[in-house]
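The values are calculated or read from the model by the stated rules, or taken from the named source; none is laboratory data. Keep in mind that what you see is a predicted model, and the values were worked out from it rather than measured. Positions of Cβ are backbone-derived with ideal geometry, glycine not excepted, and every protein chain shown enters the neighbour counts.
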Amino acid sequence: MSCNYAAAVVLAGGKGSRMGYVEKALIMFDNTPLLMQTLRKLSQVVDTIVVALRDDRQREDFSKLFPSVVFVTDQYHNIGPLAGIEAGLAASNKEYTLVVGCDMPFINTDVIRYLLHKCRGFDVTIPRWDDGKLEPLHAVYRTSVIREEIGRCIKHGERFILAPVFKRKLVQYIDVCELTKFDLTLDTFKNVNSETDVNSIV
């Protein structure tokens, strides 16, 4: 059953600088582009999925490959992932929005469902590791509140992806150990940042 109060945003606008400026979303993993794998997983959980890209040229290229996908482009340029999150939230028609990266081939749908189940009443619901590290690209955001917060952060030159999270008081931290009941090895958080990463997990 799909979650009727949440949408999902997939960030696919990165320039892939650590991979020789290739489109990470199009990297083949298990004979399927990473982006398609992500979309298939998320479609099991939510009905509305938006893919955030960096500019119109990238959208033109991607639209040819994924004609049925809803793409949006960054309103703010050369800002980094915050711009993609803002664009995705602007296109979300739900009270809450899950944000993930396009480079996570092992997204666990049970983990996502759990985060969405827990998110009601909070501005941010975000996984937290034992060392305090947070997972902003596996988090659920209250759509309108965080979009406005991102705008304020960008206006004041705060481009750190967690900047809007730290501005809010209604933040729910989900310890990752709590998620092992759904994903014992926590592979849901694994992402691809280099060709070496691709080769090591294939």
Pick from the range 154-178, criterion touching an Asp or Glu at 6+ places or on another chain (Cβ under 9 Å) and assigned to a loop (DSSP other than H, G, I, E, B), ranking: surrounded by the most Cβ atoms within 10 Å (Cβ to Cβ)
R168
Hey, does the range 120-132 have a residue that's touching a Leu at 6+ places or on another chain (Cβ under 6 Å), modelled with pLDDT of 95 or more, more than 16 Å from V9 (Cα to Cα) and in a strand (DSSP E or B)?
yes
Considering only the range 21-113, give the helices (runs of 4 or more DSSP H) lying wholly within it that have at least 1 residues that are touching a residue at least 24 places away in the same chain (Cβ under 8 Å) and touching a helix residue (DSSP H, G or I) at 6+ places or on another chain (Cβ under 6 Å).
34-42, 81-91
Restricting to the range 34-51, count the residues that are farther than 12 Å from L11 by Cβ and hydroxyl-bearing (S, T, Y).
2
Does T196 satisfy the condition of being modelled with pLDDT under 95 and either surrounded by fewer than 18 Cβ atoms within 10 Å (Cβ to Cβ) or not in a strand (DSSP E or B) (or both)?
yes
Can you confirm whether D30 is over 20 Å from A90 (Cβ atoms) and modelled with pLDDT of 90 or more?
no
Does E149 meet the test of being of a type in the set (D, E), buried (at least 19 other Cβ atoms within 10 Å of the Cβ) and over 16 Å from the mean Cα position of the chain (by Cα)?
yes
